[in-house]
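Input: a single structure, listed below in C-alpha cells.
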Amino acid sequence: MSQSSNNFQKFINAKKNSVIKEEYRQSKKKAKKEKAEAINKRFEEKRKLKAEAVSYKTTHTKTGATKPEQKSKVESVEKKTQATGAKFNEMPLNKFLAHCGVCSRRDAVAIIKDGKVKVNNKIILEPAFKVNEKDDILFNGKKLFVTKNLVYILLNKPKDYITTTDDPQGRKTVLQLTKNATTERIYPVGRLDRNTSGVLLLTNDGDLTQKLSHPSYNITKVYEAKLDKALTKADFDKILSGLQLEDGEIKADSLGYVDSKDKSVIGIEIHSGRNRIVRRIFEHLGYDVKGLDRVMYATLTKKNVERGKWRHLSEKEVRLLKYLNAAQKKISPKDKKAPESKK
C-alpha cells in the first residue's frame, strides 16, 4: 500500500467524528505513555539534585568546612542543578516580561522597542538586555514581578472571536471567554484566525509559550476542514507530495477524508506555522474553505470541552507539553523563519 493510501485510511471511518478522533489519538497513546514515564524520571532526578545542592550547601555553611573535596562536591551539584534549569540569576528583558505574564516573549520585543519598559528608571529598547529579579522593572508605570502562579487553560474556541488580549475595534476576544478562569494575566499561545475554531492554549508561562511557538520544536496541529466541494484524488496527492506557494513549498504530514461518503470534509495534519497555511493550501487548488476546526494542538485535544468552554490542564498534560521532544525531524528553513501565526 502506498504512503498516500496509508494517510487516506487514517481518516476514513463511518462512525461519528468524535469516535474517529478518539481512535486517531489512541494510535499515539503508547508513545505518549513512554514519554510521560521519561518525564517523571527526569523530574525525580531534578528534585534529587536540588535537594543534594541544598543539603551540601547548608552543611558547608554551618560547619565552616573548607575541605577541597567537599567544596568540589558542592560546586558539582550546584552546576548540575543549574544545568537542569532549577534556577537562574538573570534573563533577557523580553523573557522577563513573559515570565511576568505581560505577554508572550515574541510580543514583548515590540513592547520594549516602543519604549514602554523601564529598568532602574531608564528606558530600555533592547529586548536582549539582561535583567534579574533585583532590578526595578516598570511597564506602563507599573512594577513587574515574576509570575509564581503559572496557569494553563485549554479553550475550545468558537468562530467570531479573535486571538488577542484586546482589540481596539471592540471585537470579541478569546479572553472574554476565559475571564472567570483565573485572576492571573494570561495570553494565547499562537493564533487562530477569527473564522477558525478549536483547540487554543492560554497561559502566563513565557518559557512554554516560546517553546511551542518556535518552529524548531516541530509542533503538530491537526485540522478538520470543510470545503465547498469534494477534494479530488489528484489534488489529494498534490497536497501530500508538496505545493509551491508564494512563500515556498509546503506539504501536509498526513491527509485523509474524514467521512468516506463526503469527500469535502478533510482531515489534515501539519506542523508549519506559516500565516493561514491550511486555508492557503486549499485555496491554491481552487477550493473555498467553508469551515476550519483545530482538533489537536501538540498533545492537546478538545475532548470533553464544549465549544466556547474551557478547562485547566492537568499536571500530566503540562509536563508533556514542557518536555516535547525538540529533536524531532527538522522542518524546512522557510518554516523556521516563520513563527506560529493565523491559520
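The values are calculated or read from the model by the stated rules, or taken from the named source; none is laboratory data. On a predicted model such as this, the values are computed, not experimentally measured, just so you know. Here the Cβ positions follow ideal geometry from the backbone for every residue, glycine too, while neighbour counts run over all protein chains shown.
Scanning the range 114-150 for residues that are farther than 17 Å from K95 by Cβ and touching a Gly at 6+ places or on another chain (Cβ under 8 Å) yields a total of 1. Here the strands (runs of 3 or more DSSP E) wholly within the range 220-325 that include at least 2 residues being of a type in the set (V, I, T) and in the same structural domain as Y187 (by TED's automatic domain parsing) are 262-270, 289-297. Being part of a strand (DSSP E or B), outside the structural domain of C103 (by TED's automatic domain parsing) and surrounded by 14 or more Cβ atoms within 10 Å (Cβ to Cβ) holds for only one residue in G190, G198, and it is G198. Scanning the range 95-116 for residues that are without any contact (Cβ under 8 Å) to a residue 24 or more places away in the chain and either hydroxyl-bearing (S, T, Y) or more than 13 Å from A128 (Cα to Cα) (or both) yields D114, G115.
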